[in-house]
Amino acid sequence: MAEKVLMKGNEALAEAAIMAGCRHYFGYPITPQTEIAAYMAKRMPVIGGTFLQAESEVAAINMIYGAAAAGKRAMTSSSSPGIALKSEGISYLAGSDLPALIINVQRGGPGLGGIQPSQSDYFQATKSAGHGDFHLIVLAPASVQEMVDLTFKGFDLADKYRMPTMLLSDGTMGQMMEPVSLDMGEVKEYDKSSWAACGTKCEREHNVVNSLFIQPDELERYNFERFERYAQIEANEVMYDEYRMEDAEICLVAYGVAARVSQNAIDKARENGIKVGMIRPITLWPFPKAVLNAAADKVKSFVCVELSMGQMIEDIELAIRCKKPVLLCNRTGGMIPTTADVLSKIEEANNIGGDK
Amino acid sequence: MEHKRITLFAGHYGSGKTNVAVNYALHLKDAFEKVSVADLDIVNPYFRTKDSEAFLESKGIHLISSEYANSNVDVPSLPAEAYAIIDDESVHAVIDVGGDDRGALALGRYAPSILKQNDYEMLLVINKFRPLTPDCASTVAVMHEIETAAGMKFTGIINNSNLGDETTADDVLGSVAYAQAISEASGLPIKMTTVKEDLYESVKDKVSDCFPIRLYVRQSWAKQEENLWQK
């Protein structure tokens, strides 16, 4: 399908999952991501896939475990409180080295919070998606087209590294409509025969998918091996986008909807003669540390724009070894910073003076 | 263009009903003193008529919507005031119905009094660039699902085929055959083909009943700029 179509972010990612070969979707409705389930409910029966509305988020993530263990591409989606409910199952996926795609279309929190957009699950996604030592690959789309592209990429990365991957979106990205191309090319196939529990046909030993290890040294060895894989991912899979950074003296860092607002603010600030650009992380884990650290040697200050009380800002400070000040421009609880909010923070950063 | 007292906009999810309804209400206001818009969307959590409330009120158009619209809870309630505009024969009412059959279910409770008065138009909003309604058969199937859920029949079609800001004149011209096929299959007339204001001059002589519209339903970060040019 080379022609563009007009899609909601949630629908577009659902269609991208289908095009990536996902035929198993298990979920439970929650605003603002319910369109994903609604779309899958319509499409899966038509294409011979399985859509199942589970009795709970906990059930859904364990169905994902089952489908992934059988070697199938599987996806679940939810929004903030629902992801918290899935966290035990996400840890089991990681502990069993199972690939799967988990979608979080974030809403305001904590608690039941509200249905308006938010980015306050950054810590949860990048640091603590469940118990135990593990990481998720975390992808952050900033357009409906990226909802498509990163869903497709997310399945590939999950299979490539045998680990769960999360698409960390937000309510705005899920609900907004933009023209998209669904032309994504070939799906790369991975040989899962060495580990998937997909039937021995009495021709091989059983493959066992499990996260329980009786001996502690064995569990430790698996953890060490997994972290060697994580090091490869940190070396090879970092994705980010740079916007007007060539001569920038101030560097904005933002992802998702915050990056869209920031882009408008940068254009306005440039009209006023302020040299400002943006580094937009596309992978939140692995975090684009090297490019930020290099930027810290050129710019005089950073502004982190996020829809939370300040979560990603800690990763920026770590990445740049606190070499330059990092200001926070934030709204939370379902509110989005305006272009004017970001502009005034850029002006503040510009007045910090030059230890450049 | 003939105007019935009540005009309902229904159609596939994301076909552009809300934006068409807002534009149509502005058009009605040129001809009639009292115009009200009722937002009966029980499906969409964001990007609702409520976003345009201040703008509509500034044009003298009254908006009736759920007290929970654009709030932090997803309560699919209907505004009590909606009954008033259906019964008040001095008001020209524009009714924005939620998408698909699920959204049209909300019409069920109003259908008997609308049908009884028999001074209404129910328009099917279509967009060929929506991937689940790219052709005649799929669009007509959605149409029948909505009619069953609403307990009402459509009376006309609005061809709202668009790709948002990226829509070109060729996109609009290329959608006419699609709309005509649906018109033939359903027996419904094409009431209008919408076109972005900036494309209106280039297509108005090539498409019958061309209706220029503005994009009022926008992403939140684009709103500030939009509010500037609205004034």
### Query
Checking A:ALA84 against (1) open to solvent by less than 10 Å² (accessible area, probe 1.4 Å); (2) aliphatic (A, V, I, L, M); (3) closer than 17 Å to A:LEU168 by Cβ; (4) assigned to a helix (DSSP H, G or I), which single condition isn't satisfied?
(1)
#### Entry: Cβ-Cβ under 6 Å pairs, at least 6 apart or on other chains, the range A:239-264 side hydrophobic (A, V, I, L, M, F, W, C), far side part of a loop (DSSP other than H, G, I, E, B) and open to solvent by 50 Å² or more (accessible area, probe 1.4 Å)
A:ALA248/A:LYS275
### Message
Every residue in the range A:223-282 that is of a type in the set (A, V, I, L, M, F, W, C), assigned to a helix (DSSP H, G or I) and either open to solvent by 10 Å² or more (accessible area, probe 1.4 Å) or touching a strand residue (DSSP E or B) at 6+ places or on another chain (Cβ under 6 Å) (or both), please.
### Response
A:PHE224, A:PHE227, A:ALA231, A:ALA235, A:VAL257, A:ALA258, A:ALA259, A:ILE266, A:ALA269
#### Entry: Some residue of the range B:51-71 being touching a residue at least 60 places away in the same chain (Cβ under 8 Å) and either of a type outside the set (Asp, Glu) or away from chain A (no Cβ under 14 Å) (or both)
yes
### Query
What pairs come up if the first residue lies in the range A:138-156 and is in contact (Cβ under 8 Å) with a residue 60 or more places away in the chain, the second is part of a loop (DSSP other than H, G, I, E, B) and among the basic types (Lys, Arg), and their beta carbons are under 9 Å apart, counting only those six or more places apart or on different chains?
A:PHE155/A:ARG73; A:ASP156/A:LYS188
### Message
Tell me whether the range A:294-305 contains one or more residues that are crowded, with 17+ Cβ neighbours inside 10 Å, under 22 Å from A:VAL138 (Cβ atoms), touching a Gly at 6+ places or on another chain (Cβ under 8 Å) and in contact (Cβ under 8 Å) with a residue 12 or more places away in the chain.
### Response
yes
## Note on the structure
Residues in the range B:110-141 that are more than 11 Å from chain A (Cβ to nearest Cβ), open to solvent by 30 Å² or more (accessible area, probe 1.4 Å) and touching a residue at least 60 places away in the same chain (Cβ under 8 Å) total 3
### Task
With respect to B:MET143, determine if the residue is in a helix (DSSP H, G or I) and touching a strand residue (DSSP E or B) at 6+ places or on another chain (Cβ under 6 Å).
yes
### Summary
When the range A:302-356 is checked residue by residue, the ones that are under 18 Å from A:LEU292 (Cα atoms) and assigned to a loop (DSSP other than H, G, I, E, B) are A:GLY310, A:GLN311, A:ILE320, A:ARG321, A:CYS322, A:LYS323, A:LYS324, A:PRO325, A:ASP355, A:LYS356
### Task
Look through the range A:146-180, keep the residues that are within 11 Å of chain B (Cβ to nearest Cβ) and of a type in the set (S, T, N, Q), and return whichever of them is nearest to the chain's Cα centre (by Cα).
A:THR172
### Task
Scan the range A:19-42 for residues that are within 14 Å of another protein chain (Cβ to nearest Cβ) and either in contact with a helix residue (DSSP H, G or I) (Cβ under 6 Å, 6 or more places away or on another chain) or assigned to a strand (DSSP E or B) (or both) and jot them down.
A:PRO29, A:ILE30, A:PRO32, A:GLN33, A:GLU35, A:ILE36, A:TYR39, A:MET40
### Query
Scanning the range A:65-91 for residues that are more than 20 Å from A:LYS153 (Cβ to Cβ) and of a type in the set (D, E, K, R), which turns out nearest to the chain's Cα centre (by Cα)?
A:LYS86
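The values are calculated or read from the model by the stated rules, or taken from the named source; none is laboratory data. Just so you know, these numbers come straight off a predicted model, no measurement behind them. Counting neighbours? That spans all protein chains shown, and the Cβs are built from the backbone with ideal geometry, glycine included. Accessible surface is based on the protein model in full, side chains and every heavy atom, while ligands, DNA and RNA are left aside. Shrake-Rupley method; radii C 1.70, N 1.55, O 1.52, S 1.80 Å.
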